[in-house]
Amino acid sequence: MKKIIYSIFIFAATVVACTAPQKTADYEVIPLPVSVQRAGDTFFVLEDGAVISYPEENEKMAKNAQFLVSYAKESAGLDLKAGGPSGQITLELGLDSSNKEAYELTVSDKGVVIRGASEAGVFYGIQTLRKSLPLMDRGTVFLPAVKISDEPRFRYRGMMLDVSRHFFSVEEVKTYIDMLALHNINRLHWHLTDDQGWRIEIKRYPKLTEIGSKRAQTVIGRNSGEYDGIPYGGFYTQEQIREVVAYAAERYVTIVPEVDMPGHMQAVLACYPELGCTGGPYKVREKWGISSDVLCAGNDKTLQFVKDVLEEVVGLFPSEYVHIGGDECLKDEWMRCPKCQNRIRQLGLANDAQHTKEQKLQSWFVADIEHFLEEHGRRLIGWDEILEGDLVAPNATVMAWRDLRYGMTAARLHHDAIMTPSSHVYFDHYQDLDQNEPLAIGGYSSVGRVYNYEPIPSDLEPELRHHILGVQANLWTEYIPTFSHAQYMVLPRMDALCEVQWTPAGTKDYGAFCNRLNKMLHFYDKLGWNYAKHIYKVSADFALDQEMEGIKVSLNTVKGGEIYYTLDGSEPTIKSLRYTAPFVVQDKVVVKAMAVHDGIPQTVMSENLSYDNKISGIELLQEPHRSYRFNGASTLVDGLTGMQNYRTGRWLGFCGKDLEAIIKLKSETEISKVGFNTCVATSDWVFDVRQAIIEVSEDGIHFKKVAEESYPAMTSNDAYVKHYDLLFETVKAQYVKVTLVSEHSIPAFHGGKDHPGFIFVDEISID
Ligand code: ACM
Ligand code: ZN
């Protein structure tokens, strides 16, 4: 009888074993490791009960082993066991590498070994193993034999979170840290204070949280003038801060705290008005944008306040770096304030060709704070405005956000720099141009644009490149009221970011990245993390081919999708042309493309292409602004029309200069019309054209003017796209010169009065 029961048990166990899924691991993870070498065709079978061994006296390694236990459960439903002298999975130190975050992950038929150059390296090896595991609820995993050797490209790999404009709870911040850890990101830049709310308890100044953490109401939309009437607030106690710092540290994330000064301090002034130039009254700011109410730099009490606050901050955050902001400090009050002007006189500061005396006052302020931080064994980071006024803080690290040029300027002054350009890695910017996108602050950074970002400027001298410490993306939260929305803005752009931060230069392949992304998106589903799904649509790349013989169309979607398209304006269906490889169009066509994932059709992508086969080349006689150069001159005749967002790459921007282009036609042609578009956004100092001149030539040397038009200066704020046509008597020409004069002196109604404005131009047509 006993024997029969035993046999039934064996039979049942076999049935269970056979029905449990057996899946194979896939080492094509994000970020892509430096080297993945298959080691023969053996494999290791990872099953429930497998033991993870590690140097037991090492607490960090014990924690690493616990992470692996929980990750394996979460991904593949495996029950691993941490501890024991020898196991099927070995975590060890001792990898010989100068890069302390390096690791090797080896799988043989005997088991798995993760060897790190430090505990952090082991942690990243664990992340790679975690992401290699199949997603299932239980089963057995076949790990093909492999040797993965990996290390990060940059040592500073950051993400910023603004908790002032909207507040996120301790649990939400911890989830954000989990998101960083999954992507091998090692810095959380925590933007803790701003005009709209102070979020960190400071014992010596209790009003900062009693008053400064609360705003009475919040503006609706983009500074509409209407308010919601709902009080808003929140802050972290010092105990909570310590808890978050420890949580991050276990995941090899260092929190870089930011206390933004001397601008972005209106919430402080609401608590301590005597620290402002006018004495107030002030309130915690209820709308977005830049406040002219800043700390008074002429008041000794202000400097004492800042140092008292920083003293508590360095007590809470062990980070070597402390961020002191420094951005967008308007100098209006300083110019009027007797105390500030007195300080300027005492210091002997004077205007010169590069900087105003008030900019130099800010430089002095930053240098004083740097001195204080260095006395406390810390290093200062500031936004790139700290370069204004001759950066006199000798060891400051510059966070280049307005333009990558500032990263180069910093490096050339022998300062370290962290690249975080708003043109590529502001995750509060739009990620898609669909009309139905939730309101964002502006801008445009698709997953593809983030992915293709190269942080080392090609014109930075090789011997200075070591000053570029790394890359960070920022999440400003004016238009991000919930954590779920924050995840939507961050994922999957964080996947693209982490490859910029981690993966070696020159190994990028966007199509391959999209394939790898598929599994990450499923992982987010499993983790319950919200993410943007644009990547499931078709992402299209259009490029004039070298000889301008047509527009090359490349279509992408994440792995597993099929793409169908039409070129006649009709809606694509699964009966339409199936996309297999890039193709060239040589006419005016409407490309409509649709991806189908798991049988589900995604939103159709549509683009009007108007290839002009008359044109053989274009040359610019004046340089576009370096932030708005994109693909250069050909942008203006690439058959793609820009829409109401001048950062998409479809517009060229000029500032203090004019658009001056010579377009060459393939042969002498009769023409009578030149058209162009402008994009205007006065809130960003982008103005309309003031004068247009068309000249023609047969030889490209001698030009004759055929049309000229002047346009009035703008008289009020506006944002639009406008088409212009200049008509003239039919002439024969092979060269057409187009000059579009920008606004060289912004009119008085605008805050930029007398400064040059930008002009944005796209698609020049010749008929
Ligand atoms: C910034 O975006 N104001 C640094
Ligand atoms: Zn002042």
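Listing for the model above:
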{"quantity": "Rel. contact order, % - alpha carbon contacts under 8 angstrom, at least six apart, the chain", "calculated": "8 percent"}
{"quantity": "Calculated SAXS-style log₁₀ I(q)/I(0) at q = 0.10, 0.19, 0.22 Å⁻¹ - region 622-748, Debye, Cα scatterers", "calculated": "-0.33, -1.13, -1.42"}
{"quantity": "For VAL112, residues with placed amide H under 5 Å, excluding near neighbours", "calculated": "ILE89, THR90"}
{"quantity": "Environment charge at VAL721 (Cβ cut-off 15 Å; Lys +1, Arg +1, Asp -1, Glu -1)", "calculated": "-3"}
{"quantity": "Cα-centred dipole magnitude for region 170-278, charges only on beta-carbon of K, R (+1) and D, E (-1), debye, nearest 20", "calculated": "160 debye"}
{"quantity": "Spherically averaged projected area of region 301-391 from its Cα convex hull (nm²)", "calculated": "6.0 nm²"}
{"quantity": "Region 445-603 - Rg over Rh from alpha carbon coordinates, Kirkwood radius", "calculated": "1.02"}
{"quantity": "Separation between Cα centres of region 400-465 and region 129-174, rounded to whole Å", "calculated": "23 Å"}
{"quantity": "All lysines inside 22 Å of LYS614 as judged from Cα atoms, apart from same-chain residues fewer than 8 positions distant", "calculated": "LYS552, LYS588, LYS664, LYS666, LYS673, LYS704, LYS705, LYS732, LYS737"}
{"quantity": "Contact order relative to length of region 376-517, as percent, for alpha carbon pairs under 8 angstrom and 6 or more apart", "calculated": "21 percent"}
{"quantity": "Protection-proxy order for peptides 277-284, 589-596, each taking the mean of Cβ atoms within 10 Å per residue, highest first", "calculated": "589-596, 277-284"}
{"quantity": "Peptides 423-431, 673-681, 308-316 ordered by average Cβ neighbours within 10 Å, highest first", "calculated": "423-431, 673-681, 308-316"}
{"quantity": "Value of [θ]222 nm, deg cm²/dmol, for the chain, DSSP H segments ≥ 4, -39500 (n - 2.57) each, nearest 500", "calculated": "-7500 deg cm²/dmol"}
{"quantity": "Partner aspartates and glutamates for LYS174 [C-alpha distance under 19 Å; skip if fewer than 8 residues away on the same chain]", "calculated": "GLU74, ASP162, GLU201, GLU239, GLU243, GLU250, GLU258, ASP495, ASP525"}
{"quantity": "Axial C-alpha extent at least 15 Å, average Kyte-Doolittle at least -1.0 - helices from the chain (DSSP)", "calculated": "2-19, 59-76, 119-132, 170-182, 238-250, 300-316, 357-375, 510-527"}
{"quantity": "Those lysines that a straight Cα-Cα span of less than 23 Å connects to LYS559, excepting residues fewer than 8 apart in one chain", "calculated": "LYS23, LYS131, LYS508, LYS519, LYS526, LYS533, LYS537, LYS575, LYS592"}
{"quantity": "Prolate/oblate/rounded label for region 578-687 (Cα gyration tensor, a/c 1.5)", "calculated": "oblate"}
{"quantity": "Percent RCO, i.e. relative contact order, over region 442-557, from Cα pairs under 8 Å lying at least 6 residues apart", "calculated": "26 percent"}
{"quantity": "Rotationally averaged projected area of region 441-495 (alpha carbon convex hull; nm²)", "calculated": "4.9 nm²"}
{"quantity": "Likely footprinting exposure, MET419, MET399, MET179, fewest C-beta neighbours within 10 Å first", "calculated": "MET179, MET419, MET399"}
{"quantity": "Note, ³J(HN,Hα) from phi for region 691-699, Karplus 6.51, -1.76, 1.60, rounded to Hz, x at Gly and Pro", "calculated": "7, 10, 10, 10, 10, 10, 8, 9, 10"}
{"quantity": "Built amide H within the under 5 Å cut-off of GLY276, gap 5+", "calculated": "CYS296"}
{"quantity": "Derived scalar couplings ³J(HN,Hα) [region 422-428; Karplus, 6.51 cos²θ - 1.76 cosθ + 1.60; whole Hz; x for Gly, Pro]", "calculated": "5, 6, 10, 10, 9, 7, 7"}
{"quantity": "Unit Cα scatterers, Debye sum, the chain: log10 I(q)/I(0) for q = 0.06, 0.10 Å⁻¹", "calculated": "-0.44, -1.14"}
{"quantity": "Lys pairs, region 283-366 - Cα-Cα below 27 angstrom, 8 or more residues apart or on other chains", "calculated": "18"}
{"quantity": "Phi-based couplings in Hz for region 197-206 (Karplus 6.51, -1.76, 1.60; Gly and Pro marked x)", "calculated": "x, 9, 10, 10, 5, 10, 4, 6, 10, x"}
{"quantity": "Cut-off under 5 Å, modelled amide H: who pairs with HIS625 long-range", "calculated": "GLY653, PHE654, CYS655"}
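Laboratory data are not the source of any read-out in this text; all were calculated from the coordinates shown. In this text, all values refer to a predicted model and were calculated from it rather than measured experimentally. Cβ: placed from backbone, ideal geometry, glycine included. Neighbour counts: every protein chain shown.
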